[in-house]
Amino acid sequence: MPKIRPDQTPEGTAESTETCASGAQSEPNAERATHVAVIMDGNGRWAQSRGKPRLFGHHAGAKRVKEIVRACPDLGVKYLTIFAFSTENWKRTQTEVSGLMSLFRRYIQSELKGLVAEGVRVRFIGDRPRLDNKLIALMDELESVTCENSKVHLTIAINYGGRDEVSRAIKEMARDVKTGVLDPETVDETTLTRYLDTRVLPDPDLVIRTSGEARISNFLLWQSAYSEYEFIDTLWPDFTAEVFADCMARFAHRDRRFGGVKS
Ligand code: FPP
């Protein structure tokens, strides 16, 4: 994503939620989640329960992504951020890591191209230099060809870790202090936000994790300070648009106070 200087305002935070076409999942005036982030967990178990290799589950999981992106407009979701590969996932076997990288390359070339015509803007977050050059080039290209789109903002986290993101942001801030671009006395929460990979995105309203695990695994640590969480048992390859709509319906009944009290 392009760097925003410390004195610039990130886009996106002031965007209003699109109106819902169906309205079937929530009551009138119910809260909508403008930004939903998803930890797509359970691909390995889904495959193993079918006697298949873990990569079979990742391929099935990748197929779900398009369906979920397509469901967003009717559910009032303007921003969808998905966790595809963490800074810790390099610890997996060489076969699984290279299989995932090749899946990302193929997926960007084939599946995601279809989303371009559907008005989806694609962005990637995470530390790119460790990725292979071919994949980086495809990511850059997809960001570029979709940059005029605004129907749904899809952000894919690859080699992403919340702690790594904050460390990189602080390093960049320190450089700007050194060169006189940033006055350390002016640094506040908003300043750090503008150095994060997610600087053009609003904070997530809802973080969903599939597969029954109840942890956040280094995902959007700074940004999810006041997010609501849904930990659901469904494995990611079984996460249909209907399951997504159920999560959104439950979100509509959450009482969000952001540390305050209801008047
Ligand atoms: C976690 O399940 C999933 C991942 C580490 C990879 C997520 C990738 C995809 C859903 C596919 C590709 C996505 C795109 C955007 C092309 P796990 O392997 O940890 O499952 P387990 O907990 O059952 O072992």
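The values are calculated or read from the model by the stated rules, or taken from the named source; none is laboratory data. Here the structure is a predicted model, which means the values were calculated and not measured. With ideal geometry, Cβ positions are generated from the backbone for all residues, glycine too; neighbour counts draw on all protein chains shown.
So residue 255 passes all but one of these: (1) outside any helix (DSSP H, G or I); (2) acidic (Asp, Glu); (3) surrounded by 12 or more Cβ atoms within 10 Å (Cβ to Cβ). Which condition number does it fail? Result: residue 255 fails condition (3) only.
So how many residues does the stretch 92-102 have that are in a helix (DSSP H, G or I) and either aliphatic (A, V, I, L, M) or closer than 20 Å to residue 160 by Cβ (or both)? Going through the stretch 92-102 one residue at a time, the tally reaches 7. Can you work out which of the residues in the stretch 106-142 that are within 11 Å of the ligand (Cβ to nearest atom) and charged (D, E, K, R) is farthest from residue 86 (Cα to Cα)? This residue is 111. With respect to the conditions (1) under 17 Å from residue 153 (Cβ atoms); (2) touching a Phe, Trp or Tyr at 6+ places or on another chain (Cβ under 6 Å); (3) among the polar types (S, T, N, Q), residue 210 falls short on a single one, namely (1). Going by what's in this entry, would residue 207 be described as aliphatic (A, V, I, L, M) and either assigned to a loop (DSSP other than H, G, I, E, B) or modelled with pLDDT under 95 (or both)? No, not satisfied. For residue 246, are the conditions met, namely being touching a residue at least 12 places away in the same chain (Cβ under 8 Å), closer than 23 Å to residue 59 by Cα and more than 18 Å from the chain's Cα centre (by Cα)? No, not satisfied.
To keep it simple, each residue is scored yes or no on (1) part of a loop (DSSP other than H, G, I, E, B); (2) at negative phi; (3) near the ligand (Cβ under 10 Å from one of its atoms).
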{"site": "45", "(1), (2), (3)": "no, yes, yes"}
{"site": "52", "(1), (2), (3)": "yes, yes, no"}
{"site": "57", "(1), (2), (3)": "no, yes, yes"}
{"site": "70", "(1), (2), (3)": "no, yes, no"}
{"site": "74", "(1), (2), (3)": "no, yes, no"}
{"site": "77", "(1), (2), (3)": "yes, yes, no"}
{"site": "84", "(1), (2), (3)": "no, yes, yes"}
{"site": "104", "(1), (2), (3)": "no, yes, yes"}
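Entry remark, the stretch 18-43: residues being modelled with pLDDT of 95 or more, out of contact with any Cys (no Cβ under 9 Å at 6 or more places or on another chain) and more than 10 Å from the ligand (Cβ to nearest atom) number 3 in total.
Name the residue that is surrounded by the fewest Cβ atoms within 10 Å (Cβ to Cβ), counting only residues in the stretch 89-118 that are under 22 Å from residue 56 (Cβ atoms) and of a type in the set (Asp, Glu). The residue in question is 111. Restricting attention to the stretch 106-149, the residues that are closer than 28 Å to residue 164 by Cα and outside any helix (DSSP H, G or I) total 12. Candidates are the residues of the stretch 138-188 that are among the charged types (D, E, K, R) and in contact with a Pro (Cβ under 8 Å, 6 or more places away or on another chain); the one that is surrounded by the fewest Cβ atoms within 10 Å (Cβ to Cβ) is 151. When residue 228 is tested against (1) within 27 Å of residue 124 (Cα to Cα); (2) at pLDDT below 95, just one condition goes unmet, and that condition is (2). Of all residues in the stretch 35-80, those satisfying the criterion of being more than 13 Å from residue 236 (Cβ to Cβ), of a type outside the set (A, V, I, L, M) and surrounded by 21 or more Cβ atoms within 10 Å (Cβ to Cβ) are 35, 72, 76, 78, 79.
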